[in-house]
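Below is one structure, written out as structure tokens; comments come after it.
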Amino acid sequence: MPVRGLAELTWPEVGGIDRERAVAILPIGAIEAHGPHLPLATDVIIAEAMARTGAEKLSTRGMDVLLLPTLTYTPAPFAADFPGTMMLDPTALTGSIRSIAESLGRHDFDLLALANGHLDPAHLAAIRAAVEQVHGAGQVRIVFPDVTQRPWATRLTAEFKSGACHAGRYETSIVLAVRPELVREQLLRTLPPNARSLAAAIAAGQTSFVEAGGPRAYFGYPAEATADEGTSTITVLGAILEEAIMIELARSAG
Ligand SMILES: [Zn+2]
């Protein structure tokens with residue numbers, strides 16, 4: 001089965017999908033400042049690339065994959081003061097994910113996977129709350145491979161693991177691979193490194209990019225980004241999504 005976008009189908013087409021082999025994938029991004037060189041939708045681009053790549057892998061395993069429209073508004077308090085960042089209340093995100101799962105359940109789809117590209121702790125907490133609520137309701141199985149946690153985090157690049165993982169080499173490489181026309185490349189190559197770790201800043205109780213030592217809303221080594229690294233990171237992200245879903249299928253079959 002080719003991968004299909006839910007929003008492009010008609011209701012009789014959705015009605016005819018074999019529920020036994022179906023999985024819905026929800027990309028989750030953000031509209032958030034990503035340095036002076038990347039678009040606000042960077043995490044949307046990353047989440048959609050992860051979702052598409054994972055979906056293609058699952059489809060070659062005979063699954064019928066539905067790509068849901070991306071959730072783009074979300075909590076982004078670390079970037080809140082930068083022009084253009086859009087903020088959603090965390091409970092609104094939790095409720096949105098829960099309601100999407102309930103809608104799928106109403107139509108007899110019982111497997112939902114989240115492809116998340118945004119790493120703000122408030123956002124991650126809101127997703128975890130939704131996952132717990134969906135688990136608790138017991139109607140739809142929900143899969144959320146959190147790339148900031150083991151085992152998944154260990155598969156990603158050194159810069160990502162260092163915690164300097166916002167608009168640096170890791171994220172810039174992905175945008176260079178998927179939407180190069182959106183990267184302000186001349187500016188990018190002049191950006192000095194910013195090795196500060198956001199993970200350390202969060203642990204120290206800091207709550208904004210500026211406080212964390214990122215006055216231009218980037219961390220890491222963006223000038224070192226390459227499209228090749230982006231392509232291989234997307235492959236890894238897609239494999240993580242595929243594996244998380246296969247683990248869930250094996251668990252619920254066993
Ligand atoms: Zn990002």
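Relative to the longest principal axis of the Cα atoms of the chain, the long axis of helix 121-137 lies at roughly 10 degrees.
Note on segment 128-171: Cα-Cα pairs beyond 17 Å make up 47% of the total pair count.
Taken one residue at a time, the phi angles of segment 245-254 give Karplus couplings (6.51, -1.76, 1.60, θ = phi - 60°) of 5, 5, 4, 5, 5, 5, 5, 6, 7, x Hz. Gly and Pro are set to x. Using a Gaussian network model of the chain in which every pair of alpha carbons under 10 angstrom is joined by a spring, one finds that among GLY163, GLY136, GLY105 the greatest mean-square fluctuation is at GLY136.
In whole angstrom, segment 79-166 maps to an equivalent ellipsoid with semi-axes of 26, 18, 9, each derived as √(5λ) from the alpha carbon gyration tensor and ordered largest first.
Of ASP43, ASP228, ASP89, ASP18, the residue with the largest accessible area leads and the full order is ASP228, ASP89, ASP18, ASP43 (1.4 Å probe).
By DSSP, the beta bridges lying fully in the chain are antiparallel in about 10 percent of cases.
Here the ratio of the Cα radius of gyration of the chain to 2.2 N^0.38 Å is 0.99.
Each helix, a run of at least 4 DSSP H residues, gives -39500 (n - 2.57); summed and divided by the residues of the chain, these come to -13500 deg cm²/dmol at 222 nm.
Dividing the alpha-carbon radius of gyration of segment 183-254 by the rule-of-thumb value 2.2 N^0.38 Å gives 1.58. For the chain, modelled as a GNM whose springs connect Cα atoms under 10 angstrom apart, the maximal fluctuation among GLY16, GLY117, GLY138 occurs at GLY16. Expressed as a fraction of 2.2 N^0.38 Å, the C-alpha radius of gyration for segment 134-254 is 1.25.
When you restrict to C-alpha pairs under 8 Å that are six or more residues apart and normalise by the size of the chain, the relative contact order lands at 23 percent. Heavy-atom surface analysis with a 1.4 Å probe gives segment 1-109 a carbon and sulfur content of 56 percent of its accessible area. Qualifying trypsin sites (Lys or Arg not before Pro) in segment 1-79, where qualification requires a DSSP coil assignment and no more than 13 other C-beta atoms within 10 Å, comprise ARG61. Solvent-accessible surface of the chain, taken per residue with a 1.4 Å probe and all protein chains present: 44 Å².
The relative contact order of segment 173-237, computed from alpha carbon pairs under 8 Å that lie at least 6 residues apart in sequence, is 52 percent.
The values are calculated or read from the model by the stated rules, or taken from the named source; none is laboratory data. The structure displayed is predicted, hence computed values, not measured ones. All Cβ positions, glycine included, derive from the backbone under ideal geometry; neighbour counts span all protein chains shown. When the accessible area is computed, the model is the full protein with side chains, heavy atoms only, and any ligands, DNA or RNA have been set aside. Shrake-Rupley method; radii C 1.70, N 1.55, O 1.52, S 1.80 Å.
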